[in-house]
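*Asks:* Would you mind keeping the following structure in view while I ask a few things?
The values are calculated or read from the model by the stated rules, or taken from the named source; none is laboratory data. Keep in mind that what you see is a predicted model, and the values were worked out from it rather than measured. Using ideal geometry, Cβ is built from the backbone for each residue, glycine included, and neighbour counts are taken over all protein chains shown.
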Amino acid sequence: MRIVMVGQKYVPSREGGVEIVVEELATRMAAHGNDVTILNRRRAGYGPVTNYKGCKIETVFTVNRRALDAIVYAFFATLRVRKMLKKKQVDIVHYHAEGPCFFLNLLPKKNKRPGTKLVVTIHGLDWQRGKWGGAASRILHAGERRAVEYADEIIVLSRNVQRYFREIYHRTVKYIPNGVSAPELREADIIRRKYGLGMNDYVLFLARIVPEKGLQYLIPAWKKAVQQTGTRKKLVIAGGPSHSEGFYEEICRAVKDDDTILMTGFVQGQELQELYSNAYLYVLPSDIEGMPMSLLEALSYGNVCLVSDIPENTEIINEDCYVFKRGDVDRLRHQLKKLLNLNLRTHSNMVIPYTWQEVVRQTLELYTR
């Protein structure tokens, strides 16, 4: 099949879950013999890429400013897709996330594109995320409605979002969760040299630093837990801002002069592997998720996890994990205090809830049904 992927920022990249999903799907589909094109955003400071692991890469014009980046990219990417459809150059058009779907009305209607299929993956209800203002939230919500109206098939990543589409839109959607690859446990090397961290020396938060990920709950809860336990462990906050510079600066001020909290910025590669491999506990106190890639990865490394009780988290955790009520700082403090006083057995139960091979198989099956 001739497949085009739309909606991610840039591949290859670990900037967010959408980028990871598109890379895994596209490269594995190409390895199956499909002709896959990825429409990347033009990014300042990124060199041109035309081919990646068997996929063709096309760079689409955008404006690298917070208010314009996504919407300008979505417009020009959709024009490119429309041109491909008119020339009968594509069989499957696969949009990712709600925002890019805002322009689906520019594409030919179903009866005018015979032999092609439009598929949308909803990675989460993006219009609910705290990092977006009123106008952006309305555009995202409109993108969701256009996905319902124009897509031949819709994929969702959680049962909770599947219920949402059934109840709000009376639309049947396909549940295909994200996958995860088998990890390689690594001893502390880079993180020991850079941060003085070894096995079980720290509690790990690893996600983009945006309001919906819950750092505004974790930091005060952590500070109180440290006072009450006297722990010598650190809280490691690994991640960078994403359209949330004001919130990021707020978090930086909250941890300033606290030697029990370490901010690493965005991490990837071996440093990322080492952080997962040596953490005493992984914490994800989020308000909103689609299907959290970092939680899937933490489980695959055998981390004991402490997560908020939103369905997107609780659907995938195992018996070694703990929960607290979303947004409840005192319950989060209580759980941290309890877990810091335990001698947790970490990295012994490496769990892969869903494999990428199975995700790709189900997605390809959806393309052809």
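*Asks:* Of everything in the range 330-367 that's hydroxyl-bearing (Ser, Thr, Tyr) and either without any contact (Cβ under 8 Å) to a residue 12 or more places away in the chain or surrounded by 15 or more Cβ atoms within 10 Å (Cβ to Cβ) (or both), which residue is nearest to residue 276 (Cα to Cα)?
*Replies:* Only one residue fits best here, namely 346.
*Asks:* May I pose another question? For residues that are in a helix (DSSP H, G or I), in contact with a Ser or Thr (Cβ under 8 Å, 6 or more places away or on another chain) and among the polar types (S, T, N, Q), tally how many sit in the range 292-326. Write out each step before concluding.
*Replies:* Here is the first cut: in the range 292-326, the ones in a helix (DSSP H, G or I) are 293-300, 311-314.
From what's left, in contact with a Ser or Thr (Cβ under 8 Å, 6 or more places away or on another chain): 300, 311-313.
If we keep only those that are among the polar types (S, T, N, Q) too, we end up with 300, 313.
Selection size over the range 292-326: 2.
*Asks:* Please verify whether residue 27 is at pLDDT 90 or above, assigned to a strand (DSSP E or B) and buried (at least 19 other Cβ atoms within 10 Å of the Cβ), treating the condition exactly as stated.
*Replies:* On the way: at pLDDT 90 or above: yes; assigned to a strand (DSSP E or B): no; buried (at least 19 other Cβ atoms within 10 Å of the Cβ): yes.
Taking the combined requirement at face value, the residue does not satisfy it.
*Asks:* Follow-up question, since we're still on this one. Restricting attention to the range 264-296, and to residues there that are of a type in the set (Asp, Glu) and buried (at least 21 other Cβ atoms within 10 Å of the Cβ), which single residue is nearest to residue 96 (Cα to Cα)?
*Replies:* Step one: filter the range 264-296 for residues of a type in the set (Asp, Glu), giving 271, 274, 287, 289.
Right, trim to buried (at least 21 other Cβ atoms within 10 Å of the Cβ) and you get 274, 289.
Details: 274: 30, 289: 15 Å.
Per the criteria, the residue is 289.
*Asks:* Just to be sure I understand, how many residues within the range 217-240 are under 20 Å from the mean Cα position of the chain (by Cα), buried (at least 19 other Cβ atoms within 10 Å of the Cβ) and without any contact (Cβ under 8 Å) to a residue 60 or more places away in the chain?
*Replies:* Residues meeting the conditions: 4.
*Asks:* Could you grab the pairs with beta carbons closer than 9 Å, sequence gap of 6+ or different chains, first residue in the range 27-51 and touching a residue at least 12 places away in the same chain (Cβ under 8 Å), second one assigned to a helix (DSSP H, G or I) and among the polar types (S, T, N, Q)?
*Replies:* Filtered contacts from the range 27-51: 28/357; 29/363; 36/27.
*Asks:* Same structure again: Applying the selection to the range 70-93, what residues are part of a loop (DSSP other than H, G, I, E, B) and either at negative phi or of a type in the set (Ser, Thr, Tyr) (or both)?
*Replies:* If the condition is that a residue be part of a loop (DSSP other than H, G, I, E, B) and either at negative phi or of a type in the set (Ser, Thr, Tyr) (or both), then 87, 89, 90, 91 are the ones that fit.
*Asks:* Which residues, taken from the range 15-42, are touching a helix residue (DSSP H, G or I) at 6+ places or on another chain (Cβ under 6 Å) and not aliphatic (A, V, I, L, M)?
*Replies:* Matches in the range 15-42: 17, 24, 28, 41.
*Asks:* I'd like to check something: does the range 157-179 contain any residue that is hydroxyl-bearing (Ser, Thr, Tyr) and buried (at least 23 other Cβ atoms within 10 Å of the Cβ)?
*Replies:* Yes - at least one qualifying residue is present in the range 157-179.
*Asks:* Let me ask another. Would you confirm, using the coordinates I've provided, whether residue 184 is under 24 Å from the mean Cα position of the chain (by Cα) and in the same structural domain as residue 334 (by TED's automatic domain parsing)?
*Replies:* Working: under 24 Å from the mean Cα position of the chain (by Cα): yes; in the same structural domain as residue 334 (by TED's automatic domain parsing): no.
No: the conditions fail for residue 184.
*Asks:* Given the condition more than 21 Å from residue 23 (Cβ to Cβ), among the charged types (D, E, K, R), out of contact with any Asp or Glu (no Cβ under 8 Å at 6 or more places or on another chain) and not assigned by TED's automatic domain parsing to the domain that holds residue 363, answer yes or no: does some residue in the range 259-267 qualify?
*Replies:* Within the range 259-267, one or more residues are more than 21 Å from residue 23 (Cβ to Cβ), among the charged types (D, E, K, R), out of contact with any Asp or Glu (no Cβ under 8 Å at 6 or more places or on another chain) and not assigned by TED's automatic domain parsing to the domain that holds residue 363.
*Asks:* Condition first: buried (at least 16 other Cβ atoms within 10 Å of the Cβ) and out of contact with any helix residue (DSSP H, G or I) (no Cβ under 7 Å at 6 or more places or on another chain). Now tell me which residues in the range 318-329 satisfy that.
*Replies:* Passing the criteria: 320, 321, 326, 328.
*Asks:* Quick one: which of 294, 308 is of a type in the set (Gly, Ala, Ser) and at pLDDT below 95?
*Replies:* Among 294, 308, only 294 is of a type in the set (Gly, Ala, Ser) and at pLDDT below 95.
*Asks:* Read through the list (1) in contact with a helix residue (DSSP H, G or I) (Cβ under 9 Å, 6 or more places away or on another chain); (2) under 19 Å from residue 176 (Cβ atoms); (3) part of a helix (DSSP H, G or I), then give the number of the only condition that residue 358 fails.
*Replies:* Against the list (1) in contact with a helix residue (DSSP H, G or I) (Cβ under 9 Å, 6 or more places away or on another chain); (2) under 19 Å from residue 176 (Cβ atoms); (3) part of a helix (DSSP H, G or I), residue 358 comes up short only on (1).
*Asks:* Within the range 137-147, track down each residue that is free of Cβ contacts under 8 Å to residues at least 24 places away in the same chain and surrounded by 19 or more Cβ atoms within 10 Å (Cβ to Cβ).
*Replies:* Once the filter is applied, which keeps residues that are free of Cβ contacts under 8 Å to residues at least 24 places away in the same chain and surrounded by 19 or more Cβ atoms within 10 Å (Cβ to Cβ), the range 137-147 yields nothing.
*Asks:* If you don't mind, there's one more thing I want to ask. For the structure I just gave you, tell me whether residue 154 is assigned to a helix (DSSP H, G or I) and closer than 26 Å to residue 311 by Cβ. Working first, answer last.
*Replies:* Details: assigned to a helix (DSSP H, G or I): no; closer than 26 Å to residue 311 by Cβ: yes.
In short, no.
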